Amino acid sequence: MIELRNVGLTYTHNSIGSKQILSNINMHIRQGEFVCLLGPSGCGKTSLLNLMAGFISPTQGVVYFSGRQVTAPGPERGVVFQEHTLFPWLTAIQNVAFGLQRQGMRKRKAQGVARQVLEIVGLSGCEDSFPHTLSGGMRQRIAIARTLVLDPEALLMDEPFSALDANSRERLQDELLRLWSRHGHTLVYVTHSVEEAVYLADRVIIIGPEPPHIVADMRISQTNPRERYSASRLDQVRTLRACLDSLPCCIAPQYRQNGDC
Amino acid sequence: MRIFSKLKTSLVPVLGPLGLILAIWYGVSFAAEMNKGIDFPDPLETANRLLELLRGSSLHDASIYRHISASLLRWFKGFAIAVGGGVLLGLGAGWWRLMYMNVAPLLRILQLIPGLAWIPVALLLYGIGEEATIFILAITAFTPIAISTMDGVRQVDTGYIRAARMLGTGRRAMFMHVLLPAALPSMLTGLRIGLGNGWRVLLAAEMVVGTGTGLGFSIIEARWTLDYTAAFALIGVIAVLGLVFERIFFTSLEQRTIRAWSSGKDWTHD
């Protein structure tokens, strides 16, 4: 489904020189898998996601999606960002309908579909609210809805719930699992939380820094439905944490690639 | 009591400045008449002359309404050209880096040229008259609009652009549905400056290259007929018109756009 072959990423900046973000990454994510990318901040996991999304291009190697090389972002790979990327000048329903209208659907029809998807994410009644009037959790539901409405094959999520309070985070995690079990999207989820990764994913890939590489790639055995607190989950959390703790932390933040996306 | 305090909050910002203006005006008028012995129009004389004019008394072979509408029409034409050109250029220069590198320095230089310095250029290109005035207005209003649009587009959050591309937005839709609304708060500043600068330079240009009609033309003509009272009345008309348009145009535009989208804070940078 999503395949990375010998992918490397080096940012060059005139004044600072160049910095290697990723090198020689090989990864294969299968259809319908729920994969968490876990690692300390600055280890390049967001860059990996941006490569899969097509926001940036690798400086070495190739990224494939469904057998085709990724060169640009597209609606078959829905991206949910950490925060603040809903269009503030559009209401909830207009935000969700935005993608459909860009695919050429008429406004009225697009809003009809958007209304249904908003209902699926539990936001009936908020159709005409502007994003700034809604809570962080509601905004992330809209962000999920606007990707779902385009019927994507994969969802790429970059710490989508990390800015939320603990309560909303857990509820949204459960709703994400419910959506995933119903639709079976391929899901790539970036997080720095071990607990979150163990609770959500079928498979956890740990990325470590200096040089950035895949440290571990483990399957998580999941019960159905998942249990948030169980003895086996605690074991898994312990194993993963031990793995993470062996990595150096406090990496200098990577600088943004200016203007280029 | 409550009615009184309500009146106070709504009337003071209007009556206060008005009273101040009238007081200074009377003072200057009185001092000029005492010291130099000239007939300096005071507010009352000016108001009477304005009433006369409004009742249809002719001024330089045309009614005051004709002068007002002539100026407003030129303002509208010039401003429309400035908005069209400025927004298009600003969007392009904000988006394409190569265009920015070439255009931005030009705009910053243009910004330093006072509107009336274009008079020789306007005269050479169009001669005295309508087109010359509109040209001067348009080029004056164009610069702040183009700059604020360009800067606005450059400051658009990468997140919006990425999100839009991920949702399958093509290039034209990117300009129309993402860059334009996202840059609007910055653009409004430029539009406001452009509108005001344009209005001022228009009247000044009418004084120099105007023909037959217009508020600026009438004021300068009043010199020859020694009708200073009428000139003062026209200055009042100019101020009131500028204020009214600024209020009507921008307050409604702002309320319908950025104030509805945000709780008053500048959301492009949050």
Whether the protein assembly as shown is rounded, prolate or oblate, judged on the alpha carbon gyration tensor where a/c under 1.5 counts as rounded: prolate
Low-density loop cleavage sites - trypsin sites (Lys or Arg not before Pro) in the range A:35-106, where at most 11 other Cβ are within 10 Å (DSSP): A:ARG106
Relative contact order of chain A, defined on C-alpha pairs under 8 angstrom at six or more residues apart (%): 26
Karplus-derived HN-Hα couplings along the range A:51-61 (A = 6.51, B = -1.76, C = 1.60, θ = phi - 60°), whole Hz, x at Gly and Pro: 5, 5, 6, x, 6, 10, 10, x, 7, 9, x
Calculated from backbone phi, Karplus (6.51, -1.76, 1.60) coupling profile of the range B:32-45 in Hz, x at Gly/Pro: 5, 5, 5, 7, 10, x, 9, 8, 8, x, 9, x, 5, 4
For the range A:93-110 and the range B:193-234, distance of Cα centres in Å: 51
Per-q log10 I(q)/I(0), the range A:1-60, q = 0.26 Å⁻¹ (Debye; single scatterer per alpha-carbon; no solvent): -1.24
Most mobile of B:PRO114, B:PRO181, B:PRO13 in a GNM of chain B (Cα contacts under 10 Å): B:PRO13
Tensor-based shape of the range A:127-184 (alpha-carbon gyration tensor, a/c under 1.5 rounded, otherwise prolate or oblate): oblate
Cα-based helix-to-principal-axis angle, B:228-246 vs chain B, degrees rounded to 10: 20
Highest-fluctuation residue, B:GLY37, B:GLY194, B:GLY86 considered, GNM on chain B with Cα pairs under 10 Å: B:GLY37
Cα-based Rg / Dmax (Å) for the range A:77-151: 10.9, 30
C-alpha center-to-center spacing [the range B:98-113, the range A:124-172] in angstrom: 41
Viscosity 1.002 mPa s, 20 °C: Kirkwood-radius Stokes-Einstein D of chain A over Cα pairs, µm²/s: 112
Value at 222 nm in deg cm²/dmol, rounded to 500, when DSSP H runs of n ≥ 4 in chain A each add -39,500 (n - 2.57): -10500 deg cm²/dmol
Bridge type composition, the protein assembly as shown - antiparallel percent by DSSP, nearest 5: 55
GNM result for chain B, Cα springs below 10 Å: residue of B:GLY85, B:GLY170, B:GLY210 fluctuating most strongly: B:GLY170
Residue-averaged 222 nm ellipticity for chain B, from DSSP H runs of 4+ at -39500 (n - 2.57), nearest 500: -25500 deg cm²/dmol
Whether chain B is rounded, prolate or oblate, judged on the alpha carbon gyration tensor where a/c under 1.5 counts as rounded: oblate
Whole-number D in µm² s⁻¹ for the range B:1-78, Kirkwood Cα-pair radius fed into Stokes-Einstein, 4 °C, 1.567 mPa s: 82
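Since every read-out is calculated from the coordinates, none of them should be taken as a lab result. Model, not experiment: these values are computed from the prediction. Methodologically, a virtual Cβ is constructed for each residue, glycine included, from the backbone with ideal geometry; neighbour enumeration extends over all protein chains shown.
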